[in-house]
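Quick notes on the structure that follows.
Since every read-out is calculated from the coordinates, none of them should be taken as a lab result. Just so it is clear, the model here is predicted, and its values are computed rather than measured. Cβ sites come from the backbone with ideal geometry, for glycine too, and all protein chains shown count toward neighbours.
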2 protein chains.
Amino acid sequence: MTVSDAGEFGLLARIFPRLPQGPVSLLGPGDDAAVVAAPDRRVVATTDLLLEGRHFRQDWSTPYDVGRKAAAQNLADVAAMGAVPTALLVGLACPPTTPLTWPEGFADGLRDECGLVGASVVGGDLSKSDAIVVSITALGDLSGRPPVTRSGAGPGDVVAVAGRLGWSAGGYAVLSRGFRTPRALVEAHLRPEPPYACGPAAAALGATAMCDVSDGLVADLGHVAKASRVCVEIDTKVFEITRQMSDAALALGQDPLRWVLAGGEDHALAATFPAGVELPPEWLVIGRITRGEGVLVDGETYANGGFDHFR
Amino acid sequence: MTVSDAGEFGLLARIFPRLPQGPVSLLGPGDDAAVVAAPDRRVVATTDLLLEGRHFRQDWSTPYDVGRKAAAQNLADVAAMGAVPTALLVGLACPPTTPLTWPEGFADGLRDECGLVGASVVGGDLSKSDAIVVSITALGDLSGRPPVTRSGAGPGDVVAVAGRLGWSAGGYAVLSRGFRTPRALVEAHLRPEPPYACGPAAAALGATAMCDVSDGLVADLGHVAKASRVCVEIDTKVFEITRQMSDAALALGQDPLRWVLAGGEDHALAATFPAGVELPPEWLVIGRITRGEGVLVDGETYANGGFDHFR
């Protein structure tokens, strides 16, 4: 059965029951717009577009994986502001011949990723297209705290990361060569596991700046350096390269440290904290903020370039 | 100069200055997420996907038109809940060869439509694609009032519309035959003019149900009838068919009343009010709510079918 067989309203009838509405969803899907609680009188909001063939591949990712990852990358952006995610709005365009199991699995993936943080899918839009297009908007609540932006890092701060680094890039490298193992790396690429709770926790600990690592650690900390007008210094000796990563990198003729420094899509959180703050074990201190500009890796500039969507 | 020549960050540097931030934008574009004021502790949210070739054509619409219309259709959804729009988030994917003037004109269109209601474009996402894809999410504030849903209409209520009906469908019919006049109809299709202020005003007047007319009057009132478990009765004699519409319809061999009843995309507002309410002149009473189901046009069912995105 395809989405064309079901029709728009038949498809909605299949999707709505898969999307439980939590307490922050004051009015869920089915009207002109949703209504979401914003207890703190402010709402954090971020959006992403994901295109089949560019942001995901149907031969790599199941519909469930796409739902998980699309939700994760936006929920992580909310967490990176120090906020708790509350709701997603989702646009989905797909060919009429798409099996009904695609949007169903996709909705299940959205639901399960939202479930990790207590958020709900409160609304969306369906359309016909030649290839699958997904748009996601995530909303969140700051619980009375100021947002943690990229611009507050100051000399003397420590730099720390929570979450995995390099796993998604390793998985991408493995998949690109046609392999499906090591499974841990492949799964990390298909379904990132952002450390959501570390975002609001970092804000409560007094984080001075924060970002999610989506384009690569050096590139994303480069945005922090630029916005804060400081230099970010990273020491690579602190990074743990797992045996799995070093073996996979060796087999592929690649450098696992490059996956850690330049690979994106793990959606780790990188933050700066005042010196002397006692950080919980989820955080790994990887460097410090100094006067200057840009990012120094073991004291040198790093030939990275970052990711430019148009180049 | 193309978007590829400018690169992602060059493009952003051109777009950000075009998007002034109003007082509700507490943190605008450039961080992991935006922060928007939600004074009423709730936020209204809605999203749409627009695909080149399906929702707009580059030979019909300028980039500025696409920006205006993409913003309008989402801002109208917010108004249809009785809320005041506050912010937009915008995803844009385009081919690397796209002239830089495209996203610039598009951003100008977003800005000008937002300007009509005091909203700001607070964030977004850029990506590469084969054809242009636009996603828009609009947020809004209910100013302490309950949202006006589709489900509150009751027998005895009057049905009224604010805004134009049939103009966009007329413009589409004209453009489809390769004509560019009458200009008023063509422009109505390319740049709808939703009666934004009538949304919150209707809520203040005690509207029992409301929706925006995006799929066609009969189809959209059908959603109200279903959600409210009532019958919506429409009298067509009250509709004004302008000379321009009747002349254009005659020339094209079409029925202008069908444009009014089945044409969408004017983003008029349709609402139900308790009998006896005194409506301002923006509202045209077109019928009443009775016990029963579905929509009756001059006492008969209307062969309309509505718009199904997958059929």
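Whole-percent P(r), the range A:92-223, all Cα pairs, 5 Å bins from 0: 2, 8, 13, 15, 17, 18, 13, 8, 4, 1, 0, 0. Would chain B count as rounded, prolate or oblate if I go by the C-alpha gyration tensor, calling it rounded below 1.5 in a/c and otherwise prolate when a/b exceeds b/c, oblate otherwise? The shape class here is oblate. The distance separating the Cα centre of the range A:1-47 from that of the range B:74-93 comes to 16 Å. In the calculated pair-distance distribution of the range A:8-141, the portion above 24 angstrom amounts to 23 percent of the Cα-Cα pairs.
Among the residues of A:122-131, the average count of other protein chain beta-carbon atoms within 10 Å of the residue beta-carbon is 6. The range A:136-198 and the range A:226-265 have Cα centres lying 13 Å from one another. Entry note, the range A:43-166: relative contact order of 40 percent, from Cα contacts under 8 Å with a spacing of 6+ residues.
Look at the alpha carbon pairs under 8 Å that are at least 6 residues apart: their mean separation over the length of the range A:123-222 gives a relative contact order of 32 percent.
With an a/c value of 1.5 or above and a/b larger than b/c for the gyration tensor axes a ≥ b ≥ c computed over the alpha-carbon atoms, the range B:138-195 is described as prolate. Only Cα pairs under 8 Å and 6+ residues apart enter the sum, and on that basis the relative contact order of chain A stands at 22 percent. Loop-located trypsin sites (Lys or Arg not before Pro) in the range B:171-215 (DSSP state not H, G, I, E or B) with no more than 14 neighbouring Cβ atoms inside 10 Å: B:ARG177, B:ARG180. Helical runs (DSSP H, four residues minimum) scored at -39500 (n - 2.57) apiece and divided by the length of chain A put the mean residue ellipticity at 222 nm at -9500 deg cm²/dmol. Ordered by the count of other Cβ atoms within 10 Å of each Cβ, fewest first, A:LYS128, A:LYS69, A:LYS226, B:LYS237 give B:LYS237, A:LYS226, A:LYS128, A:LYS69.
Ordered by the number of other Cβ atoms lying within 10 Å of each residue's own Cβ, fewest first, B:LEU26, A:LEU221, A:LEU252, A:LEU185 fall into the sequence A:LEU252, B:LEU26, A:LEU185, A:LEU221.
Sorted shortest first, the distances from the B:PHE9 label point to those of the same residue in the other copies are 5.1 nm; each point sits 7 Å from Cα along Cα-to-Cβ.
Of the GluC sites (Glu not before Pro) in the range A:222-280, the ones in a loop by DSSP (not H, G, I, E or B) with at most 15 other beta carbons within 10 Å are A:GLU240, A:GLU278. Considered as an equivalent ellipsoid built on the Cα gyration tensor, the range A:158-301 has semi-axes of 27, 16, 12 Å, the largest given first. Normalising by residue count, the protein assembly as shown has a Cα convex hull of 144 Å³ per residue.
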